[in-house]
Amino acid sequence: MEKRGNNGRSKAVLDAAAFLNSSFFAYDDAVTTPRVLDEVKSRSAVIDALLRNGELNVITPSKTAVETVKHAARKLGELYKLSETDISVLALAWETGGTLVTDDFHIQNVAEEMGIDYKGITEKIRKKIKWVRKCSRCGRRIPPNYRGTRCPHCGGKIIYSSN
Ligand SMILES: [Zn+2]
């Protein structure tokens, strides 16, 4: 049986690349580590909204989980190919039993060895993505084909919203 979140989908553990590619909107029960969040701060408007909505949770993996990942990675000769951030998401996925979302070959290799469920990012995009752009000031929905970075009605900042 797969672990189930609020909407019957398994928990997604997101690496930095999963954020840089809009695929993370496909999840409503996502977790990541503080290190990943540090790397993706440039997307803070989007990420702040997800954090506020409770759709993204930030969890620090335990030391035991980190050591377990390092041990497995060392055995595979992958330890020096992984950053501390990579190790942190692996540890979190191992600890939570979630599905790791990553396109990184080295991370996938260690996940495979540890029996961690993982998915590629591009593969996830084909799944349902239900997010819209909204104006942070007037709240109007911004049409998908609108290319500007500011609200056409009031000039407010455009933010991403998942509903
Ligand atoms: Zn507006």
Please list, in chain and number order, the residues 5+ apart from LYS119 or on another chain whose amide H is under 5 Å from its amide H, with Hs placed from the backbone. LEU100, VAL101, THR102
For the range 12-125, evaluate the Debye formula with one uniform point scatterer on each Cα (no solvent term) and list log10 I(q)/I(0) at q = 0.17, 0.19, 0.20 Å⁻¹, rounded to two decimals. -0.72, -0.90, -1.00
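Since every read-out is calculated from the coordinates, none of them should be taken as a lab result. Only a predicted model underlies this, so the values are computations on that prediction, with no experimental measurement involved.
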